[in-house]
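Working notes, beginning with the structure itself.
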Amino acid sequence: MKTTSIFSIAICLTLLFAISAGAQQSLVETVANGCKTEIDTYCKDVTPGEGRVLACLYARSDKLSSKCEYALYDAAAQLERAVNALSYVVNECADDLDKFCKNVAAGEGRLLECLKKNDAKVSSRCKEARKQVGMK
């Protein structure tokens, strides 16, 4: 099994926070739609952002409807799939990231763009991993 470098771990964490805007919106909508009643009832005065609405829902977990509980579960499952996909790509592309993108600042898609720019030199493992998870 390949040892993951600190650089790779940092990349994975950065990629996690850089999930596409569409995916972020999908997670937010899943919770907002499934927990609308609870948010309107218990969390209407909470300023959205930085997990405050989720914290509010967590504080009232004993009062959540099954619809809201499922929405939270579904969002968590979506996020877990995204994290697993990103971890897989980082693992498969670690050597390429170290070789071609070490001096590229992580965030805002710069690492993925670096891999794309170096596509002719990037390993087939990395290319296949990106293809499998839809990061072409």
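The values are calculated or read from the model by the stated rules, or taken from the named source; none is laboratory data. Just so you know, these numbers come straight off a predicted model, no measurement behind them. Neighbour counts run over all protein chains shown; Cβ positions are idealised from the backbone, glycine included.
State whether one or more residues within segment 19-35 are outside any helix (DSSP H, G or I) and touching a residue at least 60 places away in the same chain (Cβ under 8 Å).
So the first thing to find is which residues in segment 19-35 are outside any helix (DSSP H, G or I), and the list is 19-20, 35.
So of that shortlist, the ones also touching a residue at least 60 places away in the same chain (Cβ under 8 Å) come out as 19.
Yes, that holds for at least one residue.
The number of residues in segment 81-103 being more than 14 Å from ARG125 (Cα to Cα) and over 20 Å from the mean Cα position of the chain (by Cα) comes to 6. Summed over segment 45-76, residues that are touching a Ser or Thr at 6+ places or on another chain (Cβ under 7 Å) and touching a residue at least 40 places away in the same chain (Cβ under 8 Å) total 3. Looking only at residues of segment 5-35 that are under 30 Å from ASP96 (Cβ atoms) and at pLDDT 55 or above, we find that the one that is surrounded by the fewest Cβ atoms within 10 Å (Cβ to Cβ) is GLY22. Scan segment 115-134 residue by residue and report those that are of a type in the set (A, V, I, L, M, F, W, C), at pLDDT 90 or above and surrounded by fewer than 18 Cβ atoms within 10 Å (Cβ to Cβ). Once the filter is applied, which keeps residues that are of a type in the set (A, V, I, L, M, F, W, C), at pLDDT 90 or above and surrounded by fewer than 18 Cβ atoms within 10 Å (Cβ to Cβ), segment 115-134 yields only ALA120.
Only a single item in (1) loosely packed, with under 13 Cβ neighbours inside 10 Å; (2) within 30 Å of LYS36 (Cα to Cα) is not met by GLU108, and it is number (2).
Scanning segment 36-56 for residues that are surrounded by 12 or more Cβ atoms within 10 Å (Cβ to Cβ) and more than 21 Å from the chain's Cα centre (by Cα) yields LYS36, THR37, GLU38, ILE39, TYR42, CYS43, VAL46, CYS56. Scanning segment 111-123 for any residue that is more than 16 Å from the chain's Cα centre (by Cα), closer than 30 Å to THR41 by Cα and touching a residue at least 12 places away in the same chain (Cβ under 8 Å) turns up nothing. For segment 78-93, indicate whether the set of residues that are in contact with a Phe, Trp or Tyr (Cβ under 7 Å, 6 or more places away or on another chain), surrounded by 14 or more Cβ atoms within 10 Å (Cβ to Cβ) and closer than 22 Å to LEU27 by Cα is non-empty. Within segment 78-93 (the criterion being in contact with a Phe, Trp or Tyr (Cβ under 7 Å, 6 or more places away or on another chain), surrounded by 14 or more Cβ atoms within 10 Å (Cβ to Cβ) and closer than 22 Å to LEU27 by Cα), the answer is no, since none of the residues qualifies. If you go through segment 110-136, how many residues are in a loop (DSSP other than H, G, I, E, B) and more than 25 Å from LEU79 (Cβ to Cβ)? Qualifying residue count, segment 110-136: 6. Just checking, does segment 120-136 include any residue being closer than 30 Å to LEU54 by Cβ and either in contact with a strand residue (DSSP E or B) (Cβ under 7 Å, 6 or more places away or on another chain) or of a type in the set (Phe, Trp, Tyr) (or both)? No, that holds for no residue. Yes or no: GLU113 out of contact with any strand residue (DSSP E or B) (no Cβ under 7 Å at 6 or more places or on another chain) and closer than 21 Å to SER26 by Cβ? So GLU113 does not fit the description; no.
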